[in-house]
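One structure is given below, encoded as structure tokens.
The values are calculated or read from the model by the stated rules, or taken from the named source; none is laboratory data. Values in this document were obtained by computation on a predicted structure and should not be read as measured data. Neighbour counts are summed over all protein chains in view; Cβ atoms, including those assigned to glycine, are modelled from backbone coordinates with ideal geometry.
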Amino acid sequence: MIGFPLKHSFSKDYFNTKFASEGIDAEYINFEIDSIAEIKSIIKNNPQLKGLNVTIPYKEQVIPYLDQLSENARLIGAVNVIKIDRQKKKIKLTGFNSDITGFKQSIEPLLKPHHQQALILGTGGSAKAIFYGLQQLGLTAMYVSRQKSAEQILTYSELSPEVMDTHTVVVNCTPVGMWPNVDVCPGIPYNLLTEKHLLYDLLYNPNETLFMRKGEVQGATVKNGLEMLLLQAFAGWSIWEKG
């Protein structure tokens, strides 16, 4: 995996446990890098490397270094899985987005007919995957950010009773509330939440974030990002395994 920082990363332990339990002759290594340009030397100096996961802050920055994108990765504009094909005279890098797969499979069982519109907290690479995932599930969505910079973005101060009443799915794609800063949460008007709301937090450490707890108090359905993480890992392994 490439990213910075990687101390919180789930993937290394997950994949190495998987390799050991299934007798797969492989090792998962983290590359904590200061610049995405370092991907060139990582691939050159590790000739046995078959693929990479990509995490913050490089899901968008990595794209210019790739030769090809899957349809979802192209649509989203963010990559979290790279497949490395080592040909005779050339190395081909293909970017995929398995975040969208994991998210859709995880949230779909919770969706009800009244879940038609969503708010996405954050505007980074993960948020873009969530946007298109919701769209593919038939929902419309708006981004929420601290600053208004585009037509599809609301600020937190614009989350009026009318907006909260119609946007009954809220997905946190920010790091706010992640361990060790567990006593903070995104600044949405929690008092406007009801039992018809679904709050989905991409964070999984802690298991229950303050964002989730405040939603539960209002009767909302809540879910963390652990299942999504597992499902996107399955999808990523499937991409590498086919190689």
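Condition check: farther than 18 Å from Asn191 by Cβ and acidic (Asp, Glu). Does Glu158 satisfy that? Criteria not met by Glu158.
Kindly establish whether Ile153 is surrounded by 13 or more Cβ atoms within 10 Å (Cβ to Cβ), at pLDDT below 95 and farther than 20 Å from Arg74 by Cα. Against the criterion (surrounded by 13 or more Cβ atoms within 10 Å (Cβ to Cβ), at pLDDT below 95 and farther than 20 Å from Arg74 by Cα), Ile153 qualifies.
A count restricted to the stretch 209-220 and to residues that are closer than 30 Å to Ala73 by Cβ and in contact (Cβ under 8 Å) with a residue 24 or more places away in the chain stands at 2. The residues listed here are Leu69, Leu75, Leu93, Leu52; of these, the one that is out of contact with any Leu (no Cβ under 6 Å at 6 or more places or on another chain), more than 22 Å from Phe10 (Cβ to Cβ), hydrophobic (A, V, I, L, M, F, W, C) and at pLDDT 95 or above is Leu69.
The single residue among Val163, Val169 that is in contact with a Phe, Trp or Tyr (Cβ under 8 Å, 6 or more places away or on another chain), of a type in the set (Val, Ile, Thr) and either surrounded by 15 or more Cβ atoms within 10 Å (Cβ to Cβ) or in the same structural domain as His8 (by TED's automatic domain parsing) (or both) turns out to be Val169.
One residue stands out among those in the stretch 44-65 that are among the aliphatic types (A, V, I, L, M) and buried (at least 18 other Cβ atoms within 10 Å of the Cβ): the one that is farthest from Gly125 (Cα to Cα), which is Leu52. For the stretch 188-208, a residue qualifies if it is without any contact (Cβ under 8 Å) to a residue 40 or more places away in the chain, of a type in the set (S, T, N, Q) and part of a loop (DSSP other than H, G, I, E, B), and the qualifying residues are Thr194, Asn207. The residues on offer are Ile2, Ile36, and the sole one that is closer than 22 Å to Ile63 by Cα, under 18 Å from the mean Cα position of the chain (by Cα) and modelled with pLDDT of 95 or more is Ile2.
Here Tyr190 meets each of (1) surrounded by 15 or more Cβ atoms within 10 Å (Cβ to Cβ); (2) under 29 Å from Leu6 (Cβ atoms); (3) among the aromatic types (Phe, Trp, Tyr) with one exception, condition (2). Taking the stretch 6-43 as the search range and keeping residues that are among the aliphatic types (A, V, I, L, M) and more than 23 Å from Glu241 (Cα to Cα), which one is surrounded by the most Cβ atoms within 10 Å (Cβ to Cβ)? It comes out as Ile36. Assess whether Thr123 counts as being among the polar types (S, T, N, Q), surrounded by 20 or more Cβ atoms within 10 Å (Cβ to Cβ), touching a residue at least 12 places away in the same chain (Cβ under 8 Å) and under 23 Å from Lys59 (Cβ atoms). Against the criterion (among the polar types (S, T, N, Q), surrounded by 20 or more Cβ atoms within 10 Å (Cβ to Cβ), touching a residue at least 12 places away in the same chain (Cβ under 8 Å) and under 23 Å from Lys59 (Cβ atoms)), Thr123 qualifies.
Can you confirm whether the stretch 80-91 contains a residue that is over 22 Å from Lys242 (Cα atoms) and of a type outside the set (S, T, N, Q)? Scanning the stretch 80-91, I find no residue that is over 22 Å from Lys242 (Cα atoms) and of a type outside the set (S, T, N, Q), so the answer is no.
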